[in-house]
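Reading through the structure tokens given below for one structure.
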Amino acid sequence: MAVIDVALAGRSYNVHVARDLLDEVAELAAAFIRKPVVPVVADANAKAHHGPRLEKALTAEGRQVAWYEVPSGESSKSWQGLQSLTDWMLAQGVERGDHVFALGGGVVGDLTGFACSILKRGCGFVQIPTTLLAQVDSSVGGKTAINTAAGKNLIGAFHQPSLVLADLTALDTLPDREMRAGYAEVIKYGILGDRDFFEWLVENGAKVVAREPAALEHAVATSVAAKARIVAEDERELSGTRALLNLGHTFGHALEAETGFSDRLLHGEGVALGMVLAARYSARRGMISESEAELVAQAIADVGLPSEISALQLACDGRKLADHMLHDKKMDAGTLPFLLLRSIGAAFLAKDVALDDVASFLDEQLQHR
Ligand code: GLY
């Protein structure tokens, strides 16, 4: 069992990483349960797989659970989804001093977190992430949001949870493809800031994806600890430190946009390809060697994640992909900062990248095999 502290002045909280935490929720979250009915928001898949276990744990002392089920999928992160959820929370009598529990992946965590940030000007919430991606990334750090017609996560708030319980047994029912997609965010921590962790993953990545308990716990706990350090240093992404977590996301976002944010390319798969592109683009600019960039590509391919954009068979050129980047929410005064590498384990924010150069690099990559 690992317990990681996210150290924020006056709002510190713990992230527990272990097996079977779902059975211990009542004890671990006792400080956040103060009424006989516990409000729990869950996506349909998470509720089907883990709801009975969570309900058993929460009702052991005569309490009840009030469930709010959210349809699985990104479309739940909408104005309408937010309105329905906040109406339900008000009907449940949720007060500012109460906590709402969020069971599921990033969609449920982001939606519930945002609803809690505005309910009566802010109530508490506890995250129980059930996907690898949510455990190592979205449940930690307090970014909450919904999507609008103009783009993803454009309306939201920083609102930190009071507790995160990452139960590794919840990953047993996760489809393999989603497990691999979550792994992209795990290896991201190695590539952006921890060469030793990257090398450990090169050796042990297959065990992590296969959910071998010791390897999985080490990978999730190391990732959460890295994220906790970054969030504690730059909670609101002001100094550039938290921006490092966007490694691979600018290229990845362009690929996700070109594939219509669909099942053709999951977010984590876009991030995996984006990190390969960031590494190869860093090599093109002479910042790292080509062999180092290929180490990144190989480590990603080794677990079965996509590593070549040519395999996506996109009907577009590099310019079109680069144009998608103009809508990236990281645009700052007309320029788009790019996360590049000084070495594996040392990412940095480059503010001098010309989109024309990125477009011709992407043209080459679209042919690369
Ligand atoms: N997922 C990026 C961040 O939390 O900043």
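The values are calculated or read from the model by the stated rules, or taken from the named source; none is laboratory data. Predicted, not measured: the structure shown is a model, and the values here were computed from it. Here the Cβ is made from the backbone with ideal geometry for all residues, glycine too, and neighbour counts use every protein chain on show.
Structure values in brief
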{"item": "Check on residue 182, touching a residue at least 40 places away in the same chain (Cβ under 8 Å) and of a type in the set (Gly, Ala, Ser)", "result": "yes"}
{"item": "Residue count, region 298-329 (criterion: of a type in the set (D, E, K, R), part of a loop (DSSP other than H, G, I, E, B) and more than 21 Å from the chain's Cα centre (by Cα))", "result": "2"}
{"item": "Residue selected from region 148-167 under the condition modelled with pLDDT of 95 or more and out of contact with any strand residue (DSSP E or B) (no Cβ under 6 Å at 6 or more places or on another chain), by the criterion farthest from the ligand (Cβ to nearest atom)", "result": "167"}
{"item": "Exclusive hit being surrounded by 15 or more Cβ atoms within 10 Å (Cβ to Cβ), in contact with a Leu (Cβ under 6 Å, 6 or more places away or on another chain) and not small (Gly, Ala, Ser), set 82, 54, 58", "result": "54"}
{"item": "Evaluation of residue 291 against (1) surrounded by fewer than 23 Cβ atoms within 10 Å (Cβ to Cβ); (2) farther than 19 Å from residue 199 by Cα; (3) without any contact (Cβ under 8 Å) to a residue 40 or more places away in the chain (one fails), failing number", "result": "(2)"}
{"item": "Test: residue in region 325-342 that is β-branched (Val, Ile, Thr) and under 19 Å from residue 178 (Cα atoms)", "result": "no"}
{"item": "From 104, 122, residue being within 29 Å of residue 31 (Cβ to Cβ), more than 16 Å from the ligand (Cβ to nearest atom) and either of a type in the set (Val, Ile, Thr) or surrounded by fewer than 18 Cβ atoms within 10 Å (Cβ to Cβ) (or both)", "result": "122"}
{"item": "Selection count where residues are out of contact with any strand residue (DSSP E or B) (no Cβ under 8 Å at 6 or more places or on another chain) and in a helix (DSSP H, G or I), scope region 228-263", "result": "13"}
{"item": "Residue match in region 249-256 (condition: farther than 25 Å from residue 310 by Cβ, within 16 Å of the ligand (Cβ to nearest atom), under 14 Å from the mean Cα position of the chain (by Cα) and of a type outside the set (A, V, I, L, M, F, W, C))", "result": "no"}
{"item": "Unique residue being outside any loop (DSSP other than H, G, I, E, B), closer than 18 Å to residue 243 by Cβ and at pLDDT 95 or above when the list is 341, 295, 362", "result": "341"}
{"item": "Some residue of region 283-292 being among the hydrophobic types (A, V, I, L, M, F, W, C), within 16 Å of the ligand (Cβ to nearest atom) and over 30 Å from residue 1 (Cα atoms)", "result": "no"}
{"item": "Region 185-241: number of residues that are within 15 Å of the ligand (Cβ to nearest atom) and either touching a residue at least 60 places away in the same chain (Cβ under 8 Å) or touching a Ser or Thr at 6+ places or on another chain (Cβ under 7 Å) (or both)", "result": "21"}
{"item": "Close pairs (7 angstrom Cβ cut-off, 6 or more residues apart or separate chains): closer than 20 Å to residue 117 by Cα and hydroxyl-bearing (Ser, Thr, Tyr) in region 132-156, more than 10 Å from the ligand (Cβ to nearest atom) and at pLDDT below 95 anywhere", "result": "148/154"}
{"item": "Where residue 180 falls short, out of the listed (1) in a strand (DSSP E or B); (2) in contact with a Leu (Cβ under 7 Å, 6 or more places away or on another chain)", "result": "(1)"}
{"item": "Filter pass, residue 277 being in a loop (DSSP other than H, G, I, E, B), away from the ligand (no atom under 16 Å from the Cβ) and either modelled with pLDDT of 95 or more or of a type in the set (Asp, Glu) (or both)", "result": "no"}
